[in-house]
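First comes the structure, then the notes that go with it.
The values are calculated or read from the model by the stated rules, or taken from the named source; none is laboratory data. Note that the structure is a prediction, hence the values are computed from the model and not measured. Heads up, the Cβs are rebuilt from the backbone with ideal geometry, glycines too, and the neighbour counts pull from every protein chain shown.
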Amino acid sequence: MDIYGDTQSGNCMKVKHTADLLGLGYRRHAVNIMESELRNAEFLRINPHGQVPVIVLRDGRSLSQSNAIKSYLAEGSHLLPSESCARAKVMQWLFWEQYSHEP
């Protein structure tokens, strides 16, 4: 897996920290958002929305949006419960963090 992100972005760092916590192997690619690297043709092939973080899976599929990535990475682990209400509580906190705390 490849993780693309800017080291100054909290959203990028939370994806990195989730992968680290779960012991997942990855290659990290620094994308400098201040130098317009999000708009170059190479990066836009990875994420046409021109945003970080984004991960690229071994099969070539990409996934963006930090909490969607975190949920994907956590699937089947202790970080994401399988019971529906407990899982919804995790989603509740992810939405709260992104829309109330993050801004």
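Taking the stated definitions as given, is Gly10 on the phi > 0 side of the Ramachandran plot, modelled with pLDDT of 90 or more and either of a type in the set (A, V, I, L, M, F, W, C) or out of contact with any Pro (no Cβ under 9 Å at 6 or more places or on another chain) (or both)?
no
May I ask you to verify whether Arg28 is of a type outside the set (Asp, Glu) and touching a Lys or Arg at 6+ places or on another chain (Cβ under 8 Å)?
So Arg28 passes the test.
How many residues does the stretch 78-92 hold that are assigned to a helix (DSSP H, G or I) and within 26 Å of Met1 (Cα to Cα)? Can you show your working first?
Looking only at the stretch 78-92, we keep the residues that are assigned to a helix (DSSP H, G or I), and these are 84-92.
With within 26 Å of Met1 (Cα to Cα) added as a condition, the list becomes 87, 90-91.
Result for the stretch 78-92: 3.
Please work out if Gln98 is surrounded by fewer than 12 Cβ atoms within 10 Å (Cβ to Cβ) and part of a helix (DSSP H, G or I).
When the stated conditions are applied, Gln98 does not pass them.
Filter the stretch 44-57 for residues that are surrounded by 15 or more Cβ atoms within 10 Å (Cβ to Cβ) and farther than 17 Å from Met1 by Cβ; which is farthest from the chain's Cα centre (by Cα)? Even if it seems obvious, please write down each step before you answer.
Quick first cut of the stretch 44-57, residues surrounded by 15 or more Cβ atoms within 10 Å (Cβ to Cβ) only: 46-47, 50-56.
The next check asks that each one be farther than 17 Å from Met1 by Cβ; those that pass are 50-51.
On the way: Gly50: 14, Gln51: 11 Å.
Only one residue fits best here, namely Gly50.
With the structure loaded, tell me whether Ile55 is closer than 18 Å to Ala19 by Cα, in a helix (DSSP H, G or I) and touching a strand residue (DSSP E or B) at 6+ places or on another chain (Cβ under 6 Å) or whether it fails that test.
So Ile55 does not fit the description; no.
Any residue in the stretch 78-95 that's surrounded by 12 or more Cβ atoms within 10 Å (Cβ to Cβ) and modelled with pLDDT of 95 or more: show its pairings with residues that are in a helix (DSSP H, G or I) and not hydrophobic (A, V, I, L, M, F, W, C) at Cβ separation under 7 Å, as long as the two are six or more apart or on different chains.
Taking only residues 6 or more apart or on different chains, the pairs are Leu80/Ser71; Leu80/Arg87; Pro81/Arg87.
Hey, among the residues in the stretch 63-77 that are free of Cβ contacts under 8 Å to residues at least 40 places away in the same chain, farther than 12 Å from Ile3 by Cα and small (Gly, Ala, Ser), which one's surrounded by the most Cβ atoms within 10 Å (Cβ to Cβ)?
Ser71
Only one of these conditions is not met by Gly60: (1) buried (at least 17 other Cβ atoms within 10 Å of the Cβ); (2) on the phi > 0 side of the Ramachandran plot. Which number is it?
That leaves (1) as the condition not met.
Tell me, please, whether a residue that is more than 23 Å from Arg58 (Cβ to Cβ) and either at pLDDT 95 or above or surrounded by fewer than 12 Cβ atoms within 10 Å (Cβ to Cβ) (or both) can be found in the stretch 15-34.
Yes, there is a match, as at least one residue in the stretch 15-34 is more than 23 Å from Arg58 (Cβ to Cβ) and either at pLDDT 95 or above or surrounded by fewer than 12 Cβ atoms within 10 Å (Cβ to Cβ) (or both).
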